[in-house]
Every structure is written in C-alpha cells, then in structure tokens.
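Note sheet for the following structure.
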Amino acid sequence: MPRSAPYNVGKTAIIELHSRLADIRRLRFEAEPGPGSHTGWAGHGEAEVAVSVDADGLRFHESGQFTPAATGTALSFRNVYRWVVHDDRIALWHERFGCEAAVWLFDLVAAAPDKLIAAERHLCGEDRYDARLRLVEHGFELGWSITGPRKDEKLAYRYLF
C-alpha cells in the first residue's frame, strides 16, 4: 500500500533534498547480511560522485572501491543513479545498463521535515527493496533493506558534499 505524508511536510523535505543533490561529491557505504541472506554480501565502500543534470533528471555517476569482508580485497565498481524530482516525491532509478534500460527503484515521499521513505517497496523477482532517507549535516543517509527468499541485506549509504 502506498505511503503518504501531509503536503507541507513533504514539500519541505523534498525541497531540501532537491537543493542538496547537485552538491553531493562522495559516498561511503556498508553492507551487512542478515541471518536469512543467501548472498552473504558484507563489506564497505567509498566512491567519488560526479553529478550531471539534464532534461530527464539529475544523475549520480558513482565510481569507487568496495571491500568485501570475506576477502578484504578492494574491487572497483561503477553505478549511475537518476533522481527525478516531482512536486510530491523524488523518484530514484538505477541506470546500471544505461538510461534506456533504467530500472525504477522507488518513489521517495516525505515522512518528516528531514526524512523521506519509499512510497512502495520495489520488487526484484521475489525480493523486496525498501528505503528510507534522512537529511543530515553535509548530505544525506540512504538506508536500504532487501528481504526475500534469497536476500536479507541492510545497506547504509552516506552521501556527502
């Protein structure tokens, strides 16, 4: 069921997040598997974030290193996320395979003046992706929870100016 928030709360959080997106320059994150995980995805990473803006949204071009806890050996990674700002929500898309093959992840709606949550959970096969975003000093935190028959992961992203 879609979640919603009063318009004034949403407007404040959406405006504030929108004002921060273009200033993001780096990312730090941690991945932690839960007891139901079949992937065991655990570790931490850091990336530089280059932001581009065009007619269909604002893109985060992430390029960095992920260090799996199991090996301790850093691996390079790249991601592209598209943020599309609407009056009452911000949509997040993953462009791993290019903008023409973008995967919609979720729409973030405001839950408080400094917090947004996924309006609906994203389904990928039988796994469900949920998210919450909190505005913090110097950026924002985006927490992901992935649950299902194969996955039980928690991801904590911290985007910084």
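The values are calculated or read from the model by the stated rules, or taken from the named source; none is laboratory data. Source: prediction; values computed, not measured. We place every Cβ from the backbone using ideal geometry, glycine too, and count neighbours over all the protein chains shown. Areas reflect the complete protein model, heavy atoms only, side chains present, ligands, DNA and RNA absent. Shrake-Rupley method; radii C 1.70, N 1.55, O 1.52, S 1.80 Å.
Here are some notes:
- For region 45-56, the candidate set comprises residues that are of a type outside the set (Asp, Glu) and within 15 Å of the chain's Cα centre (by Cα); within that set, the residue that is farthest from residue 155 (Cα to Cα) is 51.
- Residue count for region 112-125 under the criterion of being open to solvent by less than 80 Å² (accessible area, probe 1.4 Å), within 16 Å of the chain's Cα centre (by Cα) and over 18 Å from residue 81 (Cβ atoms): the result is 1.
- Single match in 158, 128, 134 (criterion: open to solvent by 30 Å² or more (accessible area, probe 1.4 Å), touching a Lys or Arg at 6+ places or on another chain (Cβ under 6 Å) and modelled with pLDDT under 95): 128
- Where residue 84 falls short, out of the listed (1) closer than 16 Å to residue 23 by Cα; (2) at pLDDT below 95: (2)
- Residue count, region 85-121 (criterion: among the aromatic types (Phe, Trp, Tyr) and touching a Leu at 6+ places or on another chain (Cβ under 7 Å)): 2
- Index of the failed condition, residue 158 passing every other in (1) under 15 Å from residue 32 (Cα atoms); (2) basic (Lys, Arg); (3) in contact with a Ser or Thr (Cβ under 8 Å, 6 or more places away or on another chain): (3)
- Among residues of region 26-41 that are under 15 Å from residue 144 (Cα atoms), those with a beta-carbon under 9 Å from a residue that is open to solvent by 100 Å² or more (accessible area, probe 1.4 Å) and in a loop (DSSP other than H, G, I, E, B) at least six positions away or on a different chain give the pairs 37/150.
- Cβ-Cβ contacts under 7 Å between residues 6 or more apart (or on different chains), taken from a first residue in region 47-58 that is free of Cβ contacts under 8 Å to residues at least 12 places away in the same chain to a second residue that is open to solvent by 20 Å² or more (accessible area, probe 1.4 Å) and in a strand (DSSP E or B), are listed as 52/61.
- Any chance residue 18 is in contact (Cβ under 8 Å) with a residue 40 or more places away in the chain, more than 27 Å from residue 126 (Cβ to Cβ), open to solvent by 80 Å² or more (accessible area, probe 1.4 Å) and outside any strand (DSSP E or B): yes
- Count - residues of region 41-77 that are surrounded by 14 or more Cβ atoms within 10 Å (Cβ to Cβ), among the β-branched types (Val, Ile, Thr) and over 12 Å from residue 25 (Cα atoms): 1
- Residues satisfying the stated conditions in region 84-111, i.e. farther than 24 Å from residue 63 by Cβ, of a type in the set (Gly, Ala, Ser) and open to solvent by 20 Å² or more (accessible area, probe 1.4 Å): 111
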